[in-house]
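Rule-based calculations on the coordinates, nothing more; no lab input. This structure is a prediction, so every number in the text was calculated from the model and none was measured. So basically every Cβ, Gly included, is an ideal-geometry build from the backbone, and we count neighbours across all protein chains shown.
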Amino acid sequence: DSALAYHLGYIIVKPLTDQFLSYLYSIMQNGKEPSNPTSANSELFTEYTKTLNDQIAKTPNVFPGKDLTGVYTYIEKKYKTTIAKIKMRPSLSLGYTYTYNQSNLQNQHAPYLTFLWGFGNTDRPWELNVQAGDSVTTDTSHVTANHNKITALPGITKVFASDKDGNALFEITFTSEFDQVTSSLYKGEKRLDWLPTGTLQARPNSKSPWISIVVKKDVNKGNFLGFLNVTFNLNNPKGSSN
């Protein structure tokens, strides 16, 4: 009897669960409930949702909405706002990379720090991105002296437009790269170098490639260099500002 009751419960509840998920998906995508339910249990499901909507309407002080659509829309909005605020919290990370070049028998140690902090409006935030690292290159054949370069890369990004899911569509970034060589200059390398850069990028939607205009300032010659880039985000098909 218990097995029969379980299977009967599964036969009744499983279609209701599937249709309820479709119901919520329709609200998420279209902002309203589906107009043409196609499940064999549509009459039961209609009665089920009607009971829930009636209960929600009777207790306006408990539920943040007048029906299921209103409640789900409110919860989804609060969820996205919470996620956006979490993303904007300051974070500090420490990394380390090691590479070895067999052709010239050189190895490179590169520890680095990255600081991220978002602030302002969660829909169109500012983001501070500061990176600093120390690159130490040693020659295992001892033909050349060890080379050490310290790099600092502060930058700030402003998002001017985003879609309903919070993916950036239009943003501007300003960065300044500072390089300080403390030992063993390479041929043509400068002891101290500074490269300010401005990047404007836009895309029609989060699944489209970024179209970027990059402007770099040659501090020594006083010239501006302009570049046009098209960048595809292959790691995240939904897109992001990173």
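Evaluate the following for Lys77: is it free of Cβ contacts under 8 Å to residues at least 12 places away in the same chain and over 30 Å from Lys58 (Cα atoms)?
Details: free of Cβ contacts under 8 Å to residues at least 12 places away in the same chain: yes; over 30 Å from Lys58 (Cα atoms): no.
No, not satisfied.
This table checks each residue for (1) surrounded by fewer than 15 Cβ atoms within 10 Å (Cβ to Cβ); (2) closer than 30 Å to Gln201 by Cα.
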site	(1), (2)
Ser103	yes, no
Glu127	no, yes
Ala132	no, yes
Thr157	no, yes
Phe160	yes, yes
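Can you spot a residue in the range 191-205 that is within 19 Å of the chain's Cα centre (by Cα), part of a loop (DSSP other than H, G, I, E, B) and surrounded by fewer than 16 Cβ atoms within 10 Å (Cβ to Cβ)? Steps first, answer last, please.
Quick first cut of the range 191-205, residues within 19 Å of the chain's Cα centre (by Cα) only: 199-205.
Among the residues that remain, those that are also part of a loop (DSSP other than H, G, I, E, B) are: 203-205.
Okay, now just the ones that are also surrounded by fewer than 16 Cβ atoms within 10 Å (Cβ to Cβ), so 204-205.
Yes: one or more hits.
Quick one: how many residues across the range 96-146 are within 30 Å of Asp163 (Cα to Cα), of a type outside the set (A, V, I, L, M) and not in a loop (DSSP other than H, G, I, E, B)? Please lay out each step first, then the result.
Narrowing the range 96-146 to residues within 30 Å of Asp163 (Cα to Cα): 114-131.
Checking which are of a type outside the set (A, V, I, L, M) leaves us with 114-115, 117-127, 129, 131.
Filter once more, so that each one left must be not in a loop (DSSP other than H, G, I, E, B): 114-115, 117-119, 126-127, 129, 131.
Residues in the range 96-146 being within 30 Å of Asp163 (Cα to Cα), of a type outside the set (A, V, I, L, M) and not in a loop (DSSP other than H, G, I, E, B): 9 in total.
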